[in-house]
Each structure stands twice: as structure tokens, then as C-alpha cells.
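Report on one structure; see the data block that follows.
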Amino acid sequence: MHPRTARSRAQLNKAVLELAGIRCVDDIPVNDIVAVAGVNRSTFYQHSGSPTELPAP
């Protein structure tokens, strides 16, 4: 896996886990995830179709 891909996925996963501590994953908007992760919406959709599709450790 390319290092940039791994970094983006890690940032997205970390953001979802952080936000999941505040509210249900189903209620987390993509805009909140990308803001916390520091990535673009397009990066999110390259790796996932929805917050629940992101693998969580």
C-alpha cells in the first residue's frame, strides 16, 4: 500500500473513532469526518462510501 493511502486511511479511521465517542457512527456527517481527519471529501470517497464502511480497529 502506498504510504499516502495508508496515512489517509489512518486519519479517516482515527476521525471516525474520535467522533464515535461523541455520537453514533450513523449520525456522523462526512463533512465532520473530513474536517477532523484533515482530508478532502474526495479522499474520503476514494476510501469509503459511508462512515460505517471505514474499518475500525
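The values are calculated or read from the model by the stated rules, or taken from the named source; none is laboratory data. All values reported here derive from a predicted model rather than from experimental measurement. We place every Cβ from the backbone using ideal geometry, glycine too, and count neighbours over all the protein chains shown.
Here are the numbers:
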{"quantity": "Residue count, the stretch 2-38 (criterion: at negative phi, more than 9 Å from the chain's Cα centre (by Cα) and not charged (D, E, K, R))", "calculated": "14"}
{"quantity": "Residue tally, condition among the acidic types (Asp, Glu) and either at pLDDT below 90 or out of contact with any helix residue (DSSP H, G or I) (no Cβ under 7 Å at 6 or more places or on another chain) (or both), over the stretch 17-35", "calculated": "2"}
{"quantity": "Verdict on Ser48 being in contact with a Leu (Cβ under 6 Å, 6 or more places away or on another chain) and of a type outside the set (A, V, I, L, M)", "calculated": "yes"}
{"quantity": "Residue, farthest from Glu53 (Cα to Cα), within the stretch 6-41, restricted to residues that are free of Cβ contacts under 8 Å to residues at least 40 places away in the same chain and polar (S, T, N, Q)", "calculated": "Asn40"}
{"quantity": "Flag for Ala20 being surrounded by fewer than 18 Cβ atoms within 10 Å (Cβ to Cβ) and among the hydrophobic types (A, V, I, L, M, F, W, C)", "calculated": "yes"}
{"quantity": "Complete set of residues in the stretch 23-57 that are buried (at least 18 other Cβ atoms within 10 Å of the Cβ) and not in a helix (DSSP H, G or I)", "calculated": "Ile28, Val39, Ser48, Leu54"}
